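**Q** Structure provided below as structure tokens; questions to follow.
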Amino acid sequence: MRILFLLLSAITIVASCQKVIDVDLNDANPKVVIEANYTAEDSTVLLKLSLTTSYFEPSTPSTLNGAIVNIIDGNGIATPLISIGNGEYELTAYVPTFNSTYKMTVLYDGTTYSATSLLPNIVPLNPMTYEFSPGFFGFGEGYFVNEIYDDPAGVPNFYLAILSKNGRERNKVTDFIMGDDRLSDGNPVTRPLFIDTLFSIGDTIDLELQSIDEKIFDYYSEIQAIAGSGQATAAPSNPISVWDNDALGYFSAYGNSRQTVIIL
Amino acid sequence: MKLIIAVTILLLTFSINAQKFTISGTMKDATNGEDMFGAVIKVKELENVGTTTNAYGFYSLTLEKGDYTLIYRSTGFRSQEIAINLTGDIEKNIELSLPADVQQITEMKVNAEKENDNITSSGMNVTKFDPKSIETIPVIFGEKDIMKTLQLTPGVKTAGEGNSGFFVRGGGADQNLILLDEAPVYNASHLLGFFSVFNSDAIKDVSLYKSGIPAEYGGRASSVVDVKMRDGNNKKFGASGGLGLISSRLTLEAPIVKDKGSFIISGRRSYADLFLKLSQKAELKDVKLFFYDLNAKANYRFGKKDRVFLSGYFGRDKFKLGDDFGISWGNATGTLRWNHLINKKFFSNTTLVRSSFDYEFSIGAGDDAFGLRSSIQDWNLKQDFTYYLNNNNTLKFGLNAIHHTFKPGALTGSNETFNEIVLKSRFALELGAYIQNEMKLGTRLNVMYGLRYSGFNYMGLGTDYQFDEKGNEIGSKNYQKWESIKYYQGLEPRISASYIISDKNSVKVSYNRNFQYLHQLSNSTSSSPTDNWVPSSSNVKPQIGDQVAMGYYQNFVKNTYRISGEIYYKSLANQIDYRNGAELILNDQVEGELVYGKGRAYGFELLMEKKKGKLTGWISYTLSRSLRTFDKINNGKEFSARQDRIHDISVVLMYRINKALALSSTWIYYTGDAITFPSGKYEINGTFIPYYTERNGYRMPDYHRMDLGLTWYMKDRKKFEHNLNISIYNLYARENAYTITFEEDPDDPSKTQAVQTTLFKLIPSITYNFKLK
């Protein structure tokens, strides 16, 4: 769909203009937001608890301490996370079991919120390649890299790729490169990637490919549709939360694979 | 049902006494032989006795033996009075001529309508335009567009800035049946809606029915836009065209055999992409972006009773970014028609229509190239009869069958990353049968009543899926070719009545029910070629629109001024919306992404027109609401539809300064669209995410704009007339909001801001038009 917005902007670029305006917005009642990641790579669970704020408020979100937070593995064994302040809760050295489902619970102010996430098997990246391009669609000449992996056949797979150029990681949710195998199940996948402009000789490119749960793929895809300026839908709405009891946010248990290439 | 038939028979058998004879024939434009549709034939001696021509210029009037004076007239032409002595059946073919010179055109246009047809006609008022009558109205990029002129009338709202899409009386954009020579047009816009597919050089006229829809039309819930192509000059060769900043046009027409047959061929090509070359942005220099369309039509008269028409439309948009990416889309329609006069009172029309729309993406080049294709294709057979029973009753009845083939998508190519995916085609048969009578009861009451039966057979070859509450597949069943998967049917009553209070004022009421079996899936803000049409199925029920409307019409000062007020209430059943993150493209189970609800719309429309003098034009005001209720959206609470614009005003003024110059101006104001804005925010991975509370709970800023146009009719040459049109869109450069987005402040990521995008500020354009005489 984004390509259609490109088309629209191509039509209108000659005439259009943008400006920042004042909009009078209502303030909704604050709601609980839970952001939780279980990163198999470093065996760490990190959870952030906060509240929504009014839209134009310049301060950072108000964080919530004093919650009781647990992670429960596939055998039903609960392990508590430790509050480290600033609304954050952490558990380290928590050994992952792939292809099993984890559950998290958060008890705050008398309400228990829970969510589950599958920790999928890792799909390994093959070594990256890079290619020269004489330039297309206004991008000057340069290099793009190829993300290469073999999609496992017969199972639905969901991916999240994060690129870094010379150590600067593009890890904002709007920069996530989402992928699934709806159209490429079981195939060797080669996907050209670049950031804003094509790469130059001497650039070091790091690629992280996360294998994620379907729910998280949906969640990030919906977040991307409403975050940033590329609002693609006529009637935006909140992404379907992974948490129950009306909390916003997600819980992602994921493994990853990394590759690096230097363009010579 | 039985009651209706009984009453009909009773009414039909009313008058079988005195000896009666029939006057029948055709009415044409004397200059080019074009048929006149909706031209009026009145009997001077009798009150409320007369008829109008049908779409093929045919009329039939049956009167008692005697002497009469018949008045033949049509907008923009000199009317004729003919005395007849009716002692047997008479055939009378009439050609009306244009007034002598240009100066008179404006006056005559008016003159012809000095009579009060708007007051005395039966049925609700039809909004009707021909391209000539609107040629001076200013338009964006100088490309006159009859669909945009329709948007200046009450009850019709634009789909957005510069957009040819529209909403009628609170209905959806896919609820308008848009017909081009009886062929449904599935995507009536070019360049994402900035132009309609209708090339005004090839068009005879456009009629919009927003209530009291006649029973011969079916298939959409809200309105009918009936576009008729010109037949071509059957007197002599003609050429006309125009050069504009963004597109150019050329039309050729000529008789095949003089007064027996003619053809017309009209082409248009845009070159919008040339502007992109001027752009500062490097990425736009490689862009190719254009559309073209071709209208062609031929007709031939075999003897006195038979006439055959063949017409076609072919149009395409193309968008390319270098060699690596392209989209192209377009409509193709073909119509073959056979008019046959069974006898002087009985007119038959048989139509075979082929209609299709498709879009295609191509990505990559060489070995890695792959493409995506999707289409809808129809075969449509129609049989319509008109029976002029007597001068109080005109019967219309007919049958219709449409075979639809939907190809929702196919991904093909040699790129090893992607599997070839071909979504299964889906098939349906849409059936219709109708009967309608236009009846005069005494001298003051006219009633048009009819009934349409519609049926829809969604059938194999195919797979029917079942979904749970959350849209996940829970089962499926395969069906054989032609095996019915789901059959829907419905009766659609259509009634309208007008009561003539005096020759200056009348009241009209109407009720209509319409079934809609095809649905267009669109969840983006602008109209897009990828907005797929899907059939009703076991999951998707047909949309149903019910509307009651009432109007009062008054003419003042010798019919110079007209004022009318209409109120309506419309209810819409089985409306469609989408789940969060719905995947509408290349999805076999797209029906799992849909949610269903209902809607209602109501409003008041006021129209004031000045039809005579140097200054003509109209003021239109609409006060209306359009609301929707979905169990799964907005917690089940009713919310405003996007097009719920409460106030909507259009002012159109045309001033003929002198023989050479015509000045025109439009001013538009409407309440901002209902829209969803955030009522809070939160952080995900260090990015602020808007938090929404209610659907369409906010409003865009109010929209207003003024356009100005000046047409200079340059000195006529012997064989040549030409004019120059200069127009300015958005004269006072109002910054209307096209979108408002909420995003992080790029200078300070801890802050969020609202950013308004304005599309068009003050766009001047110039168009040169010519015509061989």
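Where a number appears in this text, it was derived from the coordinates with a stated rule and is not lab data. None of the values given here were measured: they were computed from a predicted structure. As a convention, Cβ positions derive from the backbone with ideal geometry for all residues, glycine included, and neighbour counts pool all protein chains shown.
**Q** When the dipole is taken about the Cα centre of region A:32-119, and only Lys, Arg (+1) and Asp, Glu (-1) are charged at their Cβ, what size is it in debye, to the nearest 20? Could you put the intermediate results ahead of the total?
**A** Details: 2 positive and 8 negative charges, 38 e Å.
The dipole of region A:32-119 has a size of about 180 debye.
**Q** Per residue of A:31-39, count partner chain C-beta atoms within 10 Å of its C-beta, then hand back the mean as an integer. Don't skip to the end; give the middle numbers.
**A** Numbers: counts 4, 1, 7, 0, 5, 0, 1, 0, 0.
Mean inter-chain Cβ contacts per residue within 10 Å come to 2.
**Q** Order of A:D151, B:D702, A:D42 from fewest to most other C-beta atoms within 10 Å?
**A** Working: A:D151 20, B:D702 15, A:D42 9.
Ranked by crowding around the Cβ, least crowded first: A:D42, B:D702, A:D151.
**Q** Run the helix sum for chain B: -39,500 (n - 2.57) per DSSP H stretch of 4+ residues, divided by residue count, reported at 222 nm to the nearest 500 deg cm²/dmol.
**A** Roughly -1000 deg cm²/dmol at 222 nm, from the helical runs in chain B.
**Q** Further, regarding this structure: Given +1 on the Cβ of Lys and Arg, -1 on the Cβ of Asp and Glu, and no further charges, what dipole in debye does region B:225-772 carry about its Cα centre, rounded to the nearest 20?
**A** Magnitude of the dipole: close to 4180 debye.
**Q** In addition: Return, ordered by residue number, the residues of region B:545-567 whose backbone nitrogen is under 18 Å from a label point located 7 Å along Cα→Cβ of B:L653.
**A** From region B:545-567, the list is B:561-562.
**Q** When Cβ neighbours within 10 Å are restricted to other protein chains, what is their mean count per residue of peptide B:748-761?
**A** 5
**Q** Taking R0 as 22 Å, what FRET efficiency do you get between B:K424 and A:D185 from their Cβ-Cβ distance, rounded to the nearest 0.05?
**A** Computed FRET efficiency for B:K424 and A:D185: 0.75.
**Q** Near B:A497, within a Cβ-to-Cβ distance under 12 Å, what is the net charge of the other residues, with Lys and Arg +1 and Asp and Glu -1? Before the final figure, lay out the partial values.
**A** Values: positive: B:K440, B:R444, B:R494, B:K508; negative: B:E438.
Residues close to B:A497 contribute a combined charge of +3.
**Q** Okay, moving on. Amide H of B:G33 versus every other amide H placed in the peptide plane: which residues, excluding those fewer than 5 positions away on the same chain, fall under 5 Å?
**A** B:N234
**Q** Using r as the Cβ-Cβ distance of B:N343 and A:S54, and R0 as 51 Å, what FRET efficiency do you calculate, to the nearest 0.05?
**A** On the way: r = 77 Å, r/R0 = 1.50.
Using R0 = 51 Å, I get an efficiency of 0.10.
**Q** With a cap of 11 neighbouring Cβ atoms within 10 Å, and only residues DSSP puts in a loop, list the trypsin sites (Lys or Arg not before Pro) found in region B:547-649.
**A** B:K558, B:K637
**Q** Okay, moving on. Restricting to Cα pairs below 8 Å that are 6+ residues apart, what does the relative contact order work out to for chain B? Please round to a whole percent.
**A** Once divided by the residue count of chain B, the mean separation gives 11 percent.
**Q** Return B:F319, B:F198, B:F309 ranked ascending by Cβ neighbour count within 10 Å, so the fewest neighbours appear first.
**A** B:F309, B:F319, B:F198
**Q** So, one more: Place +1 on the Cβ of every Lys and Arg and -1 on the Cβ of every Asp and Glu in chain B, take the dipole about the Cα centre, and give the residue among B:S189, B:Y691, B:L710 whose Cα lies farthest towards its positive end.
**A** B:L710
**Q** A further question follows. For a test of the definition: using alpha carbon positions, the gyration tensor, and the 1.5 limit on a/c, classify region B:225-772 as rounded, prolate or oblate.
**A** In terms of gyration-tensor shape, rounded.
**Q** On to the next question. What GluC sites (Glu not before Pro) in region B:638-698 are in a loop by DSSP, with at most 16 other Cβ atoms within 10 Å of the Cβ? Don't skip to the end; give the middle numbers.
**A** Values: sites: B:E638, B:E683, B:E694; in loops: B:E638, B:E694.
When the GluC sites (Glu not before Pro) of region B:638-698 are filtered for loop state and at most 16 Cβ neighbours within 10 Å, B:E638 remain.
**Q** Just for chain A, what percent of DSSP beta bridges are antiparallel, to the closest 5?
**A** Bridges in chain A are about 90 percent antiparallel.
**Q** Taking beta carbons within 10 Å but only from partner chains, what does the mean come to for residues B:687-699?
**A** 6
**Q** According to a simple spin-label model (label point 7 Å from Cα along Cα-to-Cβ), what is the distance in nm between B:Q480 and B:L352?
**A** In this crude label model, B:L352 to B:Q480 measures out at 2.9 nm.
**Q** Highest first, please rank the peptides B:53-60, B:79-86 by the mean number of other Cβ atoms sitting within 10 Å of their residues.
**A** The densest-packed peptide leads the list: B:53-60, B:79-86.
**Q** For region B:453-551, which chymotrypsin sites (Phe, Trp or Tyr not before Pro) are both in a DSSP coil and crowded by at most 13 other Cβ atoms within 10 Å?
**A** B:W482
**Q** How many nm separate the modelled label positions at B:K304 and B:K258, each set 7 Å beyond the Cα in the direction of the Cβ?
**A** 2.2 nm
**Q** Could you give the angle, 0 to 90 degrees to the nearest 10, between helix B:2-12's Cα long axis and the longest principal axis of the Cα atoms of chain B?
**A** 30 degrees
**Q** Sort B:L724, A:L64 by Cβ crowding within 10 Å, fewest neighbours at the top.
**A** Ascending Cβ contact count within 10 Å gives the list B:L724, A:L64.
**Q** May I pose another question? Need the full-extension length gain, B:K751 to B:K318, defined as separation in residues times 0.36 nm minus the C-alpha distance. One decimal, nm.
**A** Fully extending the segment from B:K751 to B:K318 adds 151.8 nm.
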